[in-house]
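Here is the structure we will look at.
Since every read-out is calculated from the coordinates, none of them should be taken as a lab result. These numbers come from a predicted model, not from an experiment. Methodologically, a virtual Cβ is constructed for each residue, glycine included, from the backbone with ideal geometry; neighbour enumeration extends over all protein chains shown.
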Amino acid sequence: MGPSVWSIIVILLIVVLLFGTKKLRNVGGDLGSALKGFKKALSDDDTDTDKKEADKSDADFESVELKSDNDKTVKPSETKTTTKE
């Protein structure tokens, strides 16, 4: 069987008496900030990975677009000169 509710309460009372509420509050705050930092690092890593993958796919299409734009440029010898009279 598992521990009963009363045994858990007694254990918590002993822990509070040994360490004090201030020290337990500090430990809880430190644990919370550590979890926030961990979650932030995971989300930053995911966005960095997505950004790198997007950059790779964009680079391939960009080179094709630049090549097609260069084909459309008009050379100076192809321009018509008109004079106003």
key: Environment charge of Val16, counting only residues whose C-beta is closer than 14 Å and scoring Lys/Arg +1, Asp/Glu -1   = +3
remark   = Taking the alpha-carbon centre of each part, the distance from the stretch 30-47 to the stretch 1-27 in Å is 28 Å
